[in-house]
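Student: My structure is below; once you've seen it, I'll send some questions.
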Amino acid sequence: MSALDEGTRLTGSNLPQVRHLQTEIPGPKSRELIARRANAVSASLGMAMPVFVERAGGGVIIDVDGNSIIDMGAGIAVVNVGNSADLVIEKVIDQVKAFTHTCFMVVPYEGYVEVCEALNHLTPGDHPKKSALFNSGAEAVENAVKVARAYTKRPAVVVFEHGYHGRTNLTMGMTAKNMPYKDGFGPFAPEIYRMPMAYPFRSHVDPQRCAEETLDLITHKMEKEIGLQNIAAIVIEPIQGEGGFIVPPRGFLPGLANFAKSNGILFVADEVQTGFARTGQMFACEDENVVPDLITTAKGIAGGLPLSGLTGRAEVMDSVHASGLGGTFGGSPVACAAALGAIQTIADLDLIKRASEIGKIMSARLLEMQKKYPVIGEVRGRGAMQAVELVIPGSAEPNSSATSAVVKFCQANGVLVLTAGTYSNVLRFLPPLVMPAHLLNEALDVIDQAFAAL
Ligand SMILES: *Cc1c(COP(=O)(O)O)cnc(C)c1O
C-alpha cells in the first residue's frame, strides 16, 4: 500500500503522508514571511518552528516552500482528528452557510446544546451533568473558579507546582512557571495556593511513597495554611501538560479527589490538554476512575476551531445566578459544528484505540533510545501524549541545551517537535491521532538521529 493510500484511508487527508524537504528550513518563502512577521507582529509571540504553513492534514504540515514536515505537535494537542478533517470541514461549511453568529445568550441554536449534551455524556461519571461553552482553555478554567466559588461560597483555589492553566490574569496566577508566562505581568489574583506536585522522576522515594508523602504534605498544608473551610476548589491537570507531561503516581489523583469530597471542596480536572482521546481514553481521569466535580476542556475539542467547555455536576453548574456566565463568542455556532464533527470523527475512526497504539509505538522506541542515550533521564506519558526528560548524563540535572539541540536537528530534518517543562528540558510528542504508523516511525527515526548527533 502506498503512503498516499494509507494516508487517505486513516487520515481523511489527500496530502501525501510523507516527509519531504524541498528546501532548507526555513526556505526562501518562509524567510520572507518571517521578515514580514517581524515587522508587523508583536515580538512577544513565540515561534516553535520557523516555517509558514500552506496546508496541513493527517500527520503532515506543508510549508509555503513545499516542504512536507511531520507534525509531532498537533498544534499543541488540538488537531487530534487531524487538520481539516472531513467531517469538521463539512459541518463547518454547512454552518457558515446557515448563519455565523447570533450569540447563544441572544438567540440560541441547537449546535451549542448538542455539544453540551455530548460533553455531559462523554465526561467521567454518570451523575446528572450540565455544561457551558467558552472560547479558550483559560476562559474555561476562569469559569470553573467562578462556579466553584459561587457554589461553595469559599474563596481559596488550590493549584500545583508545574501546573499550567492559561495566560489571563486569574489563570496566570494559577500557572506555576514564571518565565515566560508571568514575568512582569503581576500583580496576580489573590487566594491562589500552590501545592507540591507528586513528580516521581524528581522524587527521592518510590512512586507509591511519593504519592502518599505528597498527599500527606498537601493535606497538612491545606489544613494549616489555608483552612479547609476556605477552599472552593482543587484544580489539577490529570497529566501536567506544559509542566512536562508529569504523570502523577497511581493513587495520587484518587487520594486528592477523595480528600476534596470529604471536605466540601470541588475537585476540578483541567483536561484542556489531556482530553478528547489524547491519552488513549476519552479523558485522562478515567485511568483511575476519578470523577471530577468540574472538568475543563478545550484544545482537542473542535478539530482546530476555538472552543472550550466547562462540564460538571448539574447542581454545581446551576448554582450560579441567571446570566452570571457567558460571553459574546463563547460556543460559537461554527466552533460547535466543528466540535460535533471532531467528536464524531473520534468515534468513527476509533481514535481512542489509535491513541493507545501510537503510545505503544512511541514509548517502545523512546525506551530503546533511553538505553542508548544517557541524556534521556525518563520516558513517560500515556497514549499519544509521550515525553522524554533530558538530563546531564549520570545525574538528574535538567539539560535544556541538549533539548534545544534535539529540537533544532529535528526541525532541520523536517520533523516538528515541541518542548515543555519547568526546566525547559522535556521533549513532548503529541502527534495527530490520525498519523499513519510509517510516518510516526520515520519521525522517531529522526529523533533517534538527533540524539545520536548530540
Ligand atoms: C493550553 C492549556 C490551557 C489554556 O488554554 P488556552 O486555550 O491556551 O487558553 C489551560 N489548561 C491546560 C491544561 C492547557 O494545556
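Student: Roughly speaking, what is the stretch gain from Arg250 to Lys408, that is 0.36 nm per residue apart minus the C-alpha to C-alpha distance, in nm to one decimal?
Tutor: Length gained, Arg250 through Lys408: 53.4 nm.
Student: Cross-link partners among aspartates and glutamates for Lys371, C-alpha distance below 16 Å, same-chain residues fewer than 8 apart left out?
Tutor: Within reach: Glu389, Asp445, Asp448.
Student: Okay, next question. Pick out, in residue order, every one of the chymotrypsin sites (Phe, Trp or Tyr not before Pro) in segment 144-206 that is DSSP loop and has at most 16 other C-beta atoms within 10 Å; say none if there are none.
Tutor: Filter output for segment 144-206: Tyr181, Phe185, Phe188.
Student: Given a cut-off of 22 Å, name the pairs among Lys130/Lys299; Lys177/Lys353; Lys153/Lys261; Lys29/Lys97; Lys182/Lys224 whose C-alpha atoms lie farther apart than that in the structure shown.
Tutor: Numbers: Lys130/Lys299 20 Å; Lys177/Lys353 33 Å; Lys153/Lys261 16 Å; Lys29/Lys97 33 Å; Lys182/Lys224 27 Å.
Check vs 22 Å cut-off fails for Lys177/Lys353; Lys29/Lys97; Lys182/Lys224.
Student: Restricting things to alpha carbons, tell me how big the chain is in terms of Rg and Dmax, in Å.
Tutor: 21.6, 63
Student: Return the inverse of the average 1/r over all pairs of distinct C-alpha atoms in segment 278-325, which is the Kirkwood hydrodynamic radius, in Å to one decimal.
Tutor: Radius from the Kirkwood sum: 12.6 Å.
Student: Using 1/(1 + (r/R0)^6) with R0 = 35 angstrom and r between the beta carbons of Asp216 and Met179, what's the FRET efficiency to the nearest 0.05?
Tutor: Given R0 = 35 Å and the Cβ-Cβ separation, E is 0.70.
Student: Please identify the chymotrypsin sites (Phe, Trp or Tyr not before Pro) of segment 55-138 that satisfy two criteria: DSSP loop assignment and at most 11 other Cβ atoms within 10 Å. Which are they?
Tutor: Sparse-neighbourhood loop chymotrypsin sites (Phe, Trp or Tyr not before Pro): Phe99.
Student: Output wanted: per-residue J couplings in Hz (rounded whole) for segment 274-283, from phi through Karplus 6.51 cos²θ - 1.76 cosθ + 1.60, θ = phi - 60°, x for Gly and Pro.
Tutor: With coefficients 6.51, -1.76 and 1.60, one gets 7, x, 6, 6, 3, 8, x, 9, 4, 10 Hz.
Student: Can you list the residues, at least 5 places off or on another chain, whose amide H is less than 5 Å from the amide H of Leu266, using H built in the peptide plane?
Tutor: Amide H neighbours of Leu266, under 5 Å, 5+ apart: Ala233, Ile234.
Student: Over 5 Å intervals from 0, what percent of Cα-Cα pairs in segment 87-348 sits in each interval?
Tutor: That works out to 1, 6, 13, 18, 19, 17, 12, 7, 4, 2, 1, 0, in percent per bin.
Student: Can you give the net charge of the other residues whose Cβ lies under 11 Å from the Cβ of Gly251, counting K and R as +1 and D and E as -1?
Tutor: Values: positive: Arg209, Arg250; negative: Glu212, Glu288.
Net local charge, Gly251 excluded: 0.
Student: Roughly how many whole Å is it from the C-alpha centroid of segment 220-284 to that of segment 45-79?
Tutor: Taking the Cα centre of each part, segment 220-284 and segment 45-79 sit 32 Å apart.
Student: I've got another one for you. Rounded, prolate or oblate: which fits segment 1-119 when a ≥ b ≥ c are the square roots of the eigenvalues of the alpha-carbon gyration tensor, with rounded for a/c under 1.5 and prolate only if a/b beats b/c? Don't skip to the end; give the middle numbers.
Tutor: Details: a/c = 2.60, a/b = 1.39, b/c = 1.88.
The shape class here is oblate.
Student: Another question, then. Antiparallel DSSP bridges in the chain: what percent, to the nearest 5? Can you show the working numbers first?
Tutor: Details: 33 of 49 bridges.
Just about 65 percent of them are antiparallel.
Student: Now a separate question. Non-local amide H neighbours of Gly241 (under 5 Å, H modeled in plane, Pro and chain starts lacking H): which ones?
Tutor: Sorted by chain and number, the residues that satisfy this are Tyr164.
Student: Over the residues of segment 158-281, compute the C-alpha Rg and express it relative to 2.2 N^0.38 Å.
Tutor: 1.04
Student: So if R0 is 30 Å, what FRET efficiency would Ala35 and Ala453 give, r being the distance between their Cβ atoms, rounded to the nearest 0.05?
Tutor: Result of the calculation: an efficiency of 0.55.
Student: As an exercise, use a Förster radius of 51 Å and the Cβ-Cβ distance of Glu24 and Arg167 to find the FRET efficiency, rounded to the nearest 0.05.
Tutor: FRET efficiency, Glu24 to Arg167: 0.95.
Student: A further question follows. Starting from the Cα of Ser42, step 7 Å along the direction of its Cβ; do the same at Ala364; then give the gap between the two resulting points in nm.
Tutor: The answer from the label model is 4.6 nm.
Student: Given the Cα atoms of segment 190-232, and with Rh set as the inverse mean 1/r over their pairs in the Kirkwood sense, what is Rg to Rh to two decimals?
Tutor: 1.05
Student: Tell me what the chain gives for mean residue ellipticity at 222 nm when only DSSP H runs of n ≥ 4 count, each as -39,500 (n - 2.57), the sum divided by the residue total, rounded to 500 deg cm²/dmol.
Tutor: Details: 14 runs with 171 residues, N = 454.
For the chain, the value works out to -11500 deg cm²/dmol.
Read-outs throughout are calculated quantities, based only on the coordinates presented, and are distinct from any laboratory measurement. Predicted, not measured: the structure shown is a model, and the values here were computed from it. All Cβ positions, glycine included, derive from the backbone under ideal geometry; neighbour counts span all protein chains shown.
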